[in-house]
Amino acid sequence: MTPRTRIARIPAAAALALGLATGPGLHAQTHGSLSGRIIDAGTGRPVADVTVSLEPLTPGLLPDSRTALTAVRTVVTGESGLYRFLTVGVGSYRLRIERIGYRAALLEIEVLRPASGGVSVALELDPVALEPVHVEQRSAPPFQRAVNARDELDAARLSAERQRQADFLSTDTRVMTYADVMDGVTLGEGDVFRALQRFPGVGTRDDYTAELWTRGAPWTQTRVTFDGVPLFNPVHAVGVLSAITPEILGSVHFHPGVRPPALGEGAAGAVDLRTRPGDGNGELRGVGDLSAASAKLVLSQRPAERAAWLVAVRRSHLGVLTSGLDRLGLDTLDLPYVFHDVAARFDVAAAGVQLEASGLWEEDRLEGDVSGVLEQTRARWGNRAGRMTLRTRLGKHDLAQSFGASRFDARTEERVVRTRDAVPSWTEPESRNTIHHVEAAGQLIGTGPGSRWSGGYDVSAQRIDYDGPFPRYYAVKPDTTMQLQYARSLVIGALWANRRSSFGRAQLDTGLRIEASDAVANGGAIQASPRIALRLALSDDHSVSISAGRTWQHMQSIALAGPSIHPAFHATHFWLAADERAPAIRADILNAGTERWLGHGWLASMNAFIRAAAGLTLPDPAPGRLGRRPLFVRGAGSAHGIETTVRRIGASWSVSAGHTWGRSEVEIDGLRYPSSADRRHVVDLMAGARVWRGLRAAAAFTAMTGAPFTRAYSRSQQDCTDFGFGCEDPTGSYIDVYNAQRTPGYRSLDVSVQWMQRLGRLEAGAYVQVRNVLGRDNASTYAGSGPIARVQRPDGTHRFIWEDRFEQGLPRMPMIGLRATF
């Protein structure tokens, strides 16, 4: 094997030796190393204190070396002039060699298969340019998804897992690649959040939502960040689709437990989304996708060696499709609804400084009537986020400084909401729900033999403004006479540090994050978050780990609010900022796990976790009439469980099987109830195989036990007439024992077939996906309870028989799409 290596620019006299060899065992299949020696061209002696940086260039949901503010790994040579980078996987890399007094050397290396090799360079004071050195193989274009790129994608998945093991000591951290998204059989087009639902420890509400329930905690306790900037409920179509186009991402890391101290917030978990730089050697590259729900176009270019750009645009077309069918005489549901998202990143480097800028604008709009559901509606909601980062060298350290901002905005005018008989219709007044967030963050990374450390700060200011109906907790008609106005500001400053030390086969991460804010109800003005993780390698392929840490979440959602088409299908949440009356969530997490490579791409893992949370804001659980209850009551939560996964990642076929057993509860006034996000058992099975040339098939099966719900009743004047109860107070909403009931269990088998064919530089193809192949009548969201009979008791009194009603899940539903890359 001889990968193609090109010396992009070396203004020095260099002796270059690139030796590649694959060793025995699994390591040769999954990762390699890059090492070499830096010498003085005039004397031939080793050069010490040379900074050697390795920057991954391969984009597209491939492994990043870090999840913090930099993706560059850096080492400094000692007296021997030697440097070495471990776990170098498939992809493109830029090797930068710098020392004061010498001209910098810059190399670009493209490798198709993982290897162990050496690059040695001799530096001179006077620049001498060398001709490019070519080797036969090179990696395929990053957008290439045809069969000849499948080996790369699968090798990238193996490399991503190895890189994840090197970067994070806790075995419950997850990494996602583009291949994982496509084999996850999401909802037509690739969807990052729905693919994450296939991971162990993750559940969800039903077919209609991309929201994540992390280890029995609700969606709002999992913090999603876009290049470090928080997003609030970043989903389209009232939660059906994620609002992030996967092709713009360079890395996705999911932390359901202890995470690096650079990541704050997220009491139950954190989804760290990082964009990728543009790619190519001057030519324009792109991908277009037309699915049943939307159309998207992603364009990328690197017009110069130190400049690149990437733009992704997506827009829904359901409204256009239904109106077109209507003009053809077909009876369809008019959908005056549209969503769009635009994401972009720009990179430029000059004079030892790198500038990165990225942004996201995603929005949903509903204007008009939906027959039998909504009338007289004008509503819009969505996120906007932007970030700018400067990177440079400070002596022997990497320095990054970022500035970012995000805004969530949801507004609706007065409208009429139509529902089924169990929940009478109502007129909902205007509402406004806005969250502003601005931040500044800095990070300094140092390297040294046997240890690695990093530290930084971040300062954020947030403001919540809400003016609208009182938040709704249950599947009942809301009291539209109750209005709520809420405005709070929150400023948080944080310092953090992390150090990694190695002791033979053991590695230890110790970290501390200290946050300062106005005094919060359960934490004072200073909140400390210590974190520790220990990983012990029992062999080259088998390791065990234990990690523990604390996380604070200063903003939490207590109920649904804002635009909705049903009490359970909503666009926004009502968020509460921690202050002297409202608590912050303090979550303490312990995880113990083991993982082992079994050979031939098989990886098995098991994790046991415990989470204890204090400072939860919850609805008043007392049974009876809802009426005017307090905005929230304080409570605590606990969760524990075991996650087991076996995966096989290969060039021709991949398979995974996972099972999660868990229990999640909340405690209010000394009484314990199941958490609303509790799923006792979740089983996920996935398989993907290359069938023939450009044809690939995938299947995914999910089974979950039912989720708790609180039985709720909305009585009406008609109920009084028909059943004769409550006539002294014929209208009103009532609840039973909090979360005492469970929805029926859930089962779904989903399959997809993808086909791609090369046509010169263009690759074109199609995909077909069928959701719920077995045609199961899965019950979806609980929609309230209604009386169906009155039975007279022997003593002359009456009892009433109630029926629980659920929205129907997705039927057997085929979806098709077209995709092209160039």
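Picking from residues in the stretch 507-530 that are open to solvent by 50 Å² or more (accessible area, probe 1.4 Å) and either within 28 Å of the chain's Cα centre (by Cα) or among the charged types (D, E, K, R) (or both), the one that is farthest from TRP453 (Cα to Cα) is ASP518. Screening ASP804 against (1) open to solvent by 50 Å² or more (accessible area, probe 1.4 Å); (2) of a type in the set (Asp, Glu); (3) in contact with a Ser or Thr (Cβ under 8 Å, 6 or more places away or on another chain) leaves a single unmet condition, (1).
Scanning for something more than 20 Å from the chain's Cα centre (by Cα), at pLDDT below 50 and either assigned to a loop (DSSP other than H, G, I, E, B) or not polar (S, T, N, Q) (or both), does the stretch 165-176 turn up at least one residue? Checked against the condition, which is being more than 20 Å from the chain's Cα centre (by Cα), at pLDDT below 50 and either assigned to a loop (DSSP other than H, G, I, E, B) or not polar (S, T, N, Q) (or both), the stretch 165-176 yields no hits at all. Scan the stretch 54-87 for residues that are of a type in the set (S, T, N, Q) and at pLDDT 80 or above and report the count. Qualifying residue count, the stretch 54-87: 2.
Taken over the stretch 246-282, the residue count meeting the criterion of being open to solvent by less than 20 Å² (accessible area, probe 1.4 Å) and either in contact with a His (Cβ under 6 Å, 6 or more places away or on another chain) or part of a strand (DSSP E or B) (or both) is 13.
In this structure, GLY601 does not satisfy being over 30 Å from ALA237 (Cβ atoms), open to solvent by 10 Å² or more (accessible area, probe 1.4 Å) and of a type in the set (Gly, Ala, Ser). When the strands (runs of 3 or more DSSP E) confined to the stretch 735-822 are screened for residues that are more than 30 Å from the chain's Cα centre (by Cα) and aromatic (Phe, Trp, Tyr), those reaching at least 2 such residues are found at 798-808.
Counting the residues of the stretch 420-447 that are open to solvent by 40 Å² or more (accessible area, probe 1.4 Å), modelled with pLDDT under 75 and over 27 Å from LEU576 (Cα atoms) gives 4. Among the residues that make up the stretch 292-308, is at least one of them open to solvent by 10 Å² or more (accessible area, probe 1.4 Å), over 25 Å from GLY615 (Cα atoms) and polar (S, T, N, Q)? The answer is yes; a qualifying residue exists. Here is the figure for the stretch 633-660: residues that are surrounded by 21 or more Cβ atoms within 10 Å (Cβ to Cβ) and either within 18 Å of ARG162 (Cα to Cα) or without any contact (Cβ under 8 Å) to a residue 24 or more places away in the chain (or both) total 3.
The values are calculated or read from the model by the stated rules, or taken from the named source; none is laboratory data. Just so we're clear, the structure is a prediction, and the values are computed from it rather than from any experiment. Virtual Cβ from ideal backbone geometry, glycine too; neighbours counted across all protein chains shown. Accessible surface areas use protein heavy atoms only, side chains included; no ligands, DNA or RNA. Shrake-Rupley method; radii C 1.70, N 1.55, O 1.52, S 1.80 Å.
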